[in-house]
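Structure first, then comments.
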Amino acid sequence: MSMQNSLVDRPIVKNDGLPGRWAPVWVIAYVALWPLPGIAEAVLVLGALFTVVRLLLLRLRGGIGALLSVPAWALTSVLFFAYWLPQLLSALDAADPGRAWSKVAGGLRYLPFMWLVAIAVATPQRRGTTFAGLAVVVALWTLDALAQGLGGTSPLFWSLDQLKWLISGHGLCSPQEMAQVDRLAGIFGPCNLKLGQVLASISPFLLFFVGYRWGRLGWFLAAAVVGVVLVLAGSRASLITYALVLLLSGWRLIGAKGLALTLLAGVLGTAALAGLSPQVRERVARTTLALSGDSSGVNAALSGRSQIWGAALCMVREHPVNGVGARGFREAYPDCDPAPQQAPSWGEGPALHAHQIVLEILAETGVLGLLLWLAGAAMALRAWAFAAPAARDRARPAAVALLVTVFPFNTHLAFYSAFWGGLTILLAALYAGALLAEEPDN
């Protein structure tokens, strides 16, 4: 079985019950609603409750083994505990005990939701529906953002904003936020600037799908359009993520020379966009400050990240065993701010998180947390190492998306936040469910 066949294979499978039939719809709806975080979170919680109730009923009726293979149940659960147990241990003496224990309790919702996500990709039919649906979501968001870049308005965000006005008498974003936006925000809007990071992380679903359907030319066109949107979205971390996506999704399709030409075209395209867009030109200029060799220049180039990372290292020194508590970074930041007299690049208030996965885990959950995360990563890699080639092929889109999302040599959103934590959990479950699906591996 080839890499591409895993995206569209749909042999006839037996009826596996209501959780199986609804799982792909639930996953696609959750992702599609990310621009509305409150509603997306409600979908996640309802999906988790739905899964618990249905699994209990199926268990009483004679078993749930048809939904997932035993290894898939096991790996999905292991990855959940690698994420959740650090929260539990860090809450014991957290800087903000109330917030930490609420995160621990709320984190339990992820386990049944991960089972639901794994069920959504456990058969060829469901996996084809789920991966194709995610590809469509990425394509729609990309075209919508491109329309904003050309016309100044995101059609999807405008529609959501008008609906919000009709329902509540005010828009999704304040007038000040609408006026101050300096980058492409797409469907997420100017008060939720996550388009670049999200699009880069889930772009493998589009690129693998398009690569199978339309070959090299389709892959090149999709890669170019997504790349333009990411440059205009203004997130430099997302460009690093996307470069990894291009490497891992295009290696077997277009080869080393094709990838080199793609990356060269990306550099030239970015230079061209910098000449056309003042916002892109300003970010390129800010990035070049890192070459000055001056610490203040480096900090400015990194948008204050070096100051935040210095505070994170202080937290690691002060709380090495189990950290300051999940999402306790903001409470601990004032005591660890390495430059308290210096106005931060991000504006008023403390930094909210470490902006880097290893520092976030160490600062908020300590060495114990890092060891648990590494144990989860080791189990995920072990499953990949022992999987058959066909299993790797069918899991490749999710595997690439998960890998680039947790790539440690980059900056990140907060992995213990509801939004980015939910995205990461989703990708981990898609990976485990697709890799360990109970199918003949030729």
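Keeping all protein chains in the complex and leaving out DNA, RNA and ligands, what accessible area do you get for Arg252 with a 1.4 Å probe, in Å² to the nearest 10?
130
How big is the chain along each principal axis, measuring the range of its Cα positions in Å and listing the largest first?
Cα extents, longest axis first: 65, 54, 50 Å.
Which aspartates and glutamates does Lys194 reach when only Cα atoms under 15 Å apart count, and residues fewer than 8 places away in its own chain are ignored?
The qualifying aspartates and glutamates are Asp144, Glu177, Asp182.
What does the helix-only formula give at 222 nm for the chain: each DSSP H stretch with n ≥ 4 adding -39500 (n - 2.57), the total divided by the residues, and the result rounded to the nearest 500 deg cm²/dmol? Could you put the intermediate results ahead of the total?
Values: 17 runs with 315 residues, N = 442.
Result for the chain: -24000 deg cm²/dmol, rounded to the nearest 500.
Rank by packing, highest mean first: peptides 201-210, 392-401, with packing defined as the count of other Cβ atoms within 10 Å averaged across residues.
Values: 201-210: 26.8, 392-401: 25.1.
Most protected by this proxy first, the peptides run 201-210, 392-401.
How about segment 157-222: which trypsin sites (Lys or Arg not before Pro) there are in a DSSP loop, with at most 11 other Cβ atoms within 10 Å of their Cβ? Please report the intermediate quantities before stating the final value.
Working: sites: Lys164, Arg183, Lys194, Arg213, Arg216; in loops: Arg183, Lys194.
Nothing satisfies the criteria.
How much length is gained on full extension from Gln176 to Leu92, taking 0.36 nm per residue of separation minus their Cα-Cα distance?
Details: separation 84, 0.36 × 84 = 30.24 nm, distance 4.03 nm.
Roughly 26.2 nm would be gained on extension.
About the Cα centre of the chain, how large is the charge dipole given +1 on each Lys and Arg Cβ and -1 on each Asp and Glu Cβ? Please answer in debye to the nearest 20.
On the way: 30 positive and 22 negative charges, 252 e Å.
Charge dipole of the chain: 1200 debye, to the nearest 20.
Any idea how far the Cα center of segment 172-227 sits from the one of segment 390-442, in Å?
First find each Cα centre; the distance between them is then 19 Å.
List the chymotrypsin sites (Phe, Trp or Tyr not before Pro) within segment 348-411 that DSSP assigns to loop and that have no more than 12 neighbouring Cβ atoms inside 10 Å. Spell out each step's value before the answer.
Numbers: sites: Trp373, Trp384, Phe386, Phe409; in loops: Phe409.
When the chymotrypsin sites (Phe, Trp or Tyr not before Pro) of segment 348-411 are filtered for loop state and at most 12 Cβ neighbours within 10 Å, Phe409 remain.
Using a 1.4 Å probe on the protein heavy atoms, what percent of the accessible area of the chain belongs to carbon and sulfur? Mind showing how you got there, number by number?
On the way: 13430 of 19470 Å².
Summing carbon and sulfur atoms, their accessible area is 69 percent of the total for the chain.
Accessible area per residue of the chain at 1.4 Å probe, in Å²? Before the final figure, lay out the partial values.
Numbers: 19470 Å² over 442 residues.
Counting only protein heavy atoms, the per-residue value for the chain is 44 Å².
The values are calculated or read from the model by the stated rules, or taken from the named source; none is laboratory data. All values reported here derive from a predicted model rather than from experimental measurement. Ideal geometry is used to build each Cβ from the backbone, glycine not excepted, and the neighbour counts take in all protein chains shown. The accessibility values were calculated without ligands, DNA or RNA, using every heavy atom of the protein model including side chains. Shrake-Rupley method; radii C 1.70, N 1.55, O 1.52, S 1.80 Å.
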